[in-house]
Amino acid sequence: MQKDFNNHIDKNLSILKEGKLLIAVSGGIDSVVLAYLCKKMNLNFSLAHCNFNLRAEESDKDEAFVEGLAEVLDVEVFIQNFDTKCYATEYKRSIQMAARELRYDWFKELAAQLKFDYILTAHHADDNLETFLINFTRGTGLNGLTGIPMINDNIVRPLLPFSRLQIEAYVKANKIAWREDASNASRKYLRNKLRHEVVPILKEINPQLLDSFQNTIRNLNDTALIVEDCLKDFKERAIVSQDNYGTSYKVSEFKKSSNPKAYLFEIFKNYGFTEWNDVVDLLDAQSGKLIKSNSHRLIKHREYIILTDLNDSERSEESLFINGDIKDIKTPIGKLSFTNVEGLFDVSKNTIFVDKDVLKFPLEFRLWKEGDTFQPIGMTGKKKVSKYLKDEKASLVEKENTWVLTSDNQVIWLIGKRADDRFKVTKVTKSILKVSV
């Protein structure tokens, strides 16, 4: 196996030969073998071990074993203890998910602080098959069937081409000690059920199962690349705008496709949506209809679907107050600047000129609210801000992100849209204030 491992690194992961590596070691057979293989290849690495404190004294024995392993291999080791149960309760996670989040967050923190180039984990071919089966049984799209990636950002999995049998044979041949986690034998976890009850039957049916599976994964990944190219072309046609508040897609592009639901799924699957029939119905819904996930919204606006972060609809109601001597102030939409000028110039939607003597300080910068009225410049009568935004066919996202500048509760400027006529510069104006964002 050492020879095959060396060849695999030379051919597929040569980046590891010059890098500073951090190997995640539990003390189990897989991670211990990975450490020995890397040592015999003279790679530059340190060990990192997580004590999740879930198995009483057994967790402490794992920690002690990894410390001893580091001495045997003559490498540096980092140990971190976690209160996993407390974390799981606080963040409403399963124990497995809590441990995963704690583990990877710490690994990435270590890598950033100590300049490790790559984090190595010991996932192997059998793990890959089990992950495939888990996703398959739960229901998934193509990406859920393409297996564990060998390289994902700075996470690298050098053992993916190797089977559990190869790893066990390596341990036996080299008389290597390792720690057995008793929970691996438990059938209460889905992965263990598949490992002990389903996979053996599949291997009995097809003794070359892992080889066949590896070929299938390669074929699916090739297909995924084709789909990715197709989606890239589709997005170039469908996306009409993209800014801090969201991304707008043409409804017509989805409708003219051969399978709108498939495109909707592939484009929006990573944003937490689950009710895909409702997402499809959005294509023909009335303007203003929306669907929420835990993190995002899809909003129908006229001939568009807008994807936006859910947090964008929960903006702070706090106001900013501006005194007469303030020149610049930071706001959620950029820098708001106030400049005394002699005349009118550079008029744009992001700049207005007002009669400073008409203003009553402090001015207030805030989101518009129901009941706000203003006198759009050039008009004689007042208009509700809500009616103005409706007439302008503003989307829900635009409405949520419309800010006003007021003086004594009177709207001076619907920022980026329209100034108020009552504050405009006239022939009798003596002091002109330029306001821009």
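Since every read-out is calculated from the coordinates, none of them should be taken as a lab result. Fair warning: this is a prediction, and the values are worked out from it, not measured in the lab. All Cβ positions, glycine included, derive from the backbone under ideal geometry; neighbour counts span all protein chains shown.
General observations
- Segment Asp153-Lys289, length gained on full extension (0.36 nm per residue, minus Cα span): 45.3 nm
- About the Cα centre, charge dipole magnitude for the stretch 337-394 (Lys/Arg +1, Asp/Glu -1 at Cβ), debye: 400 debye
- Under the criterion of Cα pairs below 8 Å and six or more residues apart, the relative contact order for the chain equals 10 percent.
- Nonlocal amide H pairs with Asn53, under 5 Å, H built at 1.01 Å: Phe82
- The angle between the Cα long axis of helix 164-174 and the longest principal axis of the Cα atoms of the chain comes to about 50 degrees, rounded to the nearest 10.
- Placing unit charges on each Cβ (+1 for Lys and Arg, -1 for Asp and Glu) gives the chain a dipole about its Cα centre, and among Pro376, Ile205, Gln410 the Cα reaching farthest toward its positive end belongs to Pro376.
- Phe361-Leu310 FRET efficiency (beta carbon distance; Förster radius 25 Å; 0.05 resolution): 0.10
- Euclidean distance of C-alpha centroids, the stretch 245-284 and the stretch 297-359, integer Å: 32 Å
- The Rg/Rh ratio of the stretch 274-348, with both radii computed over alpha carbons and Rh defined as the Kirkwood radius, is 1.22.
- Surrounding net charge for Gln113, when Lys and Arg each add one and Asp and Glu each subtract one, Cβ distance under 14 Å: -1
- Dipole magnitude (debye, nearest 20) for the stretch 240-313, charges at Cβ of Lys, Arg, Asp, Glu: 160 debye
- For a modelled paramagnetic label at Lys269, 7 Å from Cα along Cα-to-Cβ, the residues of the stretch 198-225 in reach, with backbone nitrogen under 19 Å, are 216-225.
- In plain terms, the chain from Glu392 to Asn184 could stretch by 68.7 nm, reckoned as 0.36 nm per residue minus the Cα-Cα distance.
- For the stretch 240-313, relative contact order (Cα pairs under 8 Å, six or more residues apart, normalised by length) works out to 32 percent.
- Shape call, the stretch 2-205: gyration tensor on alpha carbons, a/c limit 1.5: rounded
- Contour minus Cα-Cα distance for Asn6 and Ser241 (0.36 nm per residue): 79.8 nm
- For the options Ile299, Ile23, Ile176, a Gaussian network treatment of the chain with springs between C-alpha atoms closer than 10 Å singles out Ile176 as fluctuating the most.
- Computed from backbone phi with θ = phi - 60° and the Karplus coefficients 6.51, -1.76 and 1.60, the 3J(HN,Hα) list for the stretch 392-406 is 7, 6, 5, 6, 4, 5, 4, 4, 5, 10, 9, 10, 10, 10, 10 Hz; x is used for glycine and proline.
- Rounded if a/c under 1.5, otherwise prolate or oblate - the chain, Cα gyration tensor axes: prolate
- Label-point separation, Glu168 to Val347 (7 Å along Cα→Cβ), nm: 8.3 nm
- A helix-only calculation puts the chain at -11500 deg cm²/dmol for mean residue ellipticity at 222 nm, using -39500 (n - 2.57) for each DSSP H run of at least four residues, averaged over all residues.
- Charge tally in the Cβ shell below 12 Å around Tyr170, where Lys, Arg are +1 and Asp, Glu are -1, Tyr170 excluded: +2
- Sites count as exposed loop sites when they are chymotrypsin sites (Phe, Trp or Tyr not before Pro), lie in a DSSP loop, and have at most 15 other Cβ atoms within 10 angstrom; the longest stretch of the chain without one is 1-188.
- For Leu298, neighbours were defined as the other residues whose beta-carbon sits under 10 Å from its Cβ, and their charges (Lys and Arg +1, Asp and Glu -1) total +3.
- Using θ = phi - 60° in the Karplus curve 6.51 cos²θ - 1.76 cosθ + 1.60, the 3J(HN,Hα) couplings for the stretch 323-328 round to 7, x, 9, 7, 9, 9 Hz; x is entered for Gly and Pro.
- Neighbour-count ranking [beta-carbon atoms within 10 angstrom, fewest first] of Cys50, Cys230, Cys38: Cys230, Cys38, Cys50
- The stretch 320-436 - percent relative contact order, Cα under 8 Å, separation 6 or more: 38 percent
- Selection from Phe361, Val347, Ile333 lying farthest towards where the dipole of the stretch 306-385 points positive, charges on Cβ: Val347
- In sequence order, the stretch 237-249 has phi-based couplings of 7, 8, 6, 9, 7, 8, 8, 5, 9, x, 10, 9, 10 Hz under the Karplus curve 6.51 cos²θ - 1.76 cosθ + 1.60, θ = phi - 60°, and Gly or Pro positions carry x.
- Here the simple spin-label model places points 7 Å from the Cα toward Cβ, and for Asp229 and Leu114 these points are separated by 4.3 nm.
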